[in-house]
Each structure stands twice: as structure tokens, then as C-alpha cells.
Amino acid sequence: MSKIILITGTSTGLGISIAVQAAQAGHTVYATMRNLEKRSALDAAAATADVSLNVLPLDVSDSASVNKAVDDIIAREGRIDVLVNNAGAGFVRTVEQATEAEIQWVMDVNFTGVARCIKAVMPHMRQARSGHIVTISSVGGLVGQPFNEIYCAAKFAVEGMMEAMASYITPSFGINFTLVEPGGIATEFVANVMSHVAGTGGILDDEYKPVLEAYIGGSQSRGNQTRGGQSSYQTADEVAEVVLSTIQSDHPPLRTRTSEWSETLCHLKTALDPDGLKLSAQVTKQFLG
């Protein structure tokens, strides 16, 4: 069945791959981004794949922009079947080093922006008693990692919000929730993180410097490993395949990792309930009867 799919953050990387693969599968795709002047890579990918995409402006940090995009799609299609919260930004700084403005920015893009989009589509999905909200989280939403504490905090917040909503909205209104948890993705995302570090003073010459250099060196080494060595980095297309499979599932998981490396990293937290559905059912029963 063809679905109406809204995707945020489609100017680069994973967003482009999800949009193209969804269109190739026969779905009607609304690919959105904050600045339409940056749509050239999306247009080129769509042309190469010979698919048609509907491109709209949507800034996840602006409620008016989010609401307008959702209203436009509802006016055209009458429904939104799937929301893919893909827009996000990485951040590598310690809490001690980060400014309050930076902390607020990371939380706004990665958590509050997701909440804004969910808030906008929820009334329509609830009225339809149907829908699927997919959020691109991270293994950092399950496992805290060095120098990523602020980013991980935002992803932990997203995971908590989605998990809580699934406990009562899914059984009451038929709306599914899925958290997709990749490891590293070999896209502009990583480059943008390091560019942000460089643009905000670079690697600071303090007591954290040797530890940060070890972390960056380890990240680069993992990215260069072969498949046999369980590289932490996947291509955007590989992660998009997992997203699309989830979208098309009749019984989607609450959470899913996207690679063997991701599964291994999160194993101690996920081994008893890999897809999160057992705990969700238990919470629903305990609190709602």
C-alpha cells in the first residue's frame, strides 16, 4: 500500500537516501529541509533514481514552519501516514567546555525539533486512528559515549519521549512509534560535527585534549575497518534500507539497531528485549491495566 511520508532533513546524507528509497518503493514522499537553496543534492539523487519527490521547506526549530508544512501536506493529500524525524546535528564537546547556547541548540535540533514535528502530525494521525512515527535516534540514545554527553542527552530524551508515547498511544489510537539506532553513518554528518568543533575554537588546549585526540583517533580507526572488523560506519543507503523496511512492516519494532556493530555496542541494554515491545507491553499493562 502506498503511503504519504513526510521526512525532515533531506538536504544531505541519510535524509536523501530515505526519500529516494521510499519513492522507489512507490510511496508519495514529501522531502523537507530548512533551506531549499540546498536541495541540489536531493534533486540530483532523485533524477538519478528516476523518482519524483515533493520538496517543501520545514525548519524543525520553528513551530510555524513545521505546522505550515504539515498543513500543506494535509491540504494536498488529506493524511500523513508516516513521519520520519531525520533532521539532527551532532556535537562533540564536554559539558564543561560547552556554552549554554550550544547546549540549548543541540537539545532544540535533536529533541525539541522532533517534539514539534510529532505535535504537528499527531492530531491528524489520531483522527485517522493510524500512523507511524519513525525517529532517527542513535546508539547514543542507548549508550553514553565520550565527549558526546550533550548529544547523547538529547537522544536519550527522544528515546524516553517515544517510549512513553508508545505505551498508551499505540494501544489507544493505533499509531506506531519506532526509534532507529544507527552507529556512525559515513555522510556529511560527521564532517559537520568536526567543522562545528573547528568553528568554535577547535580542539581546546586543556586537560581534555589528549583524551579527545584518542577518541577522534579511535573513531577514525573504526571508520576505516573492513566489514569483517565490524566497522561502526555504514553508508546512508544501508541505514535507509532499515528505515524503509520498518516503514513497510505491519508490526514495526519500537526500536531497532541498523548494524552488527550497533547491536554489539548496545547488547547489554537490549539483549532481553531487542525490539522494545516487551517492555512497552509491560508498562502499558502495569499503568493502564
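The values are calculated or read from the model by the stated rules, or taken from the named source; none is laboratory data. Just so it is clear, the structure is predicted and the values come from calculations on it, not from any experiment. Please note: Cβ atoms are built from the backbone with ideal geometry, for glycine as well, and neighbour counts cover all protein chains shown.
Counting the residues of the range 264-289 that are within 21 Å of Tyr168 (Cα to Cα) and of a type outside the set (Val, Ile, Thr) gives 15.
Being over 28 Å from Glu213 (Cβ atoms), out of contact with any Gly (no Cβ under 9 Å at 6 or more places or on another chain) and surrounded by fewer than 22 Cβ atoms within 10 Å (Cβ to Cβ), is that true of even one residue in the range 172-182? Within the range 172-182, one or more residues are over 28 Å from Glu213 (Cβ atoms), out of contact with any Gly (no Cβ under 9 Å at 6 or more places or on another chain) and surrounded by fewer than 22 Cβ atoms within 10 Å (Cβ to Cβ). Applying a threshold of 8 Å to beta carbon distances and a minimum spacing of six or more residues, or different chains, the list of pairs starting in the range 143-167 at a residue that is closer than 20 Å to Glu96 by Cα and ending at one that is in a loop (DSSP other than H, G, I, E, B) and charged (D, E, K, R) reads Phe147/Arg93; Ile150/Arg93. Has the range 76-95 got at least one residue that is of a type in the set (D, E, K, R) and modelled with pLDDT under 95? Looking through the range 76-95, at least one residue is of a type in the set (D, E, K, R) and modelled with pLDDT under 95. None of Val134, Val82 is touching a Pro at 6+ places or on another chain (Cβ under 9 Å), surrounded by 23 or more Cβ atoms within 10 Å (Cβ to Cβ) and within 16 Å of Val29 (Cα to Cα) except Val134.
Scan the range 121-131 for residues that are among the small types (Gly, Ala, Ser) and surrounded by 23 or more Cβ atoms within 10 Å (Cβ to Cβ) and the total you get is 1. Scanning the range 96-123 for residues that are modelled with pLDDT under 95 and of a type in the set (Gly, Ala, Ser) turns up just one, Ala98.
Taken over the range 203-217, the criterion of being under 17 Å from Gly144 (Cβ atoms) and either assigned to a loop (DSSP other than H, G, I, E, B) or touching an Asp or Glu at 6+ places or on another chain (Cβ under 7 Å) (or both) is satisfied by Tyr208 alone.
For the range 138-188, a tally of residues being aromatic (Phe, Trp, Tyr) and under 17 Å from the mean Cα position of the chain (by Cα) returns 3.
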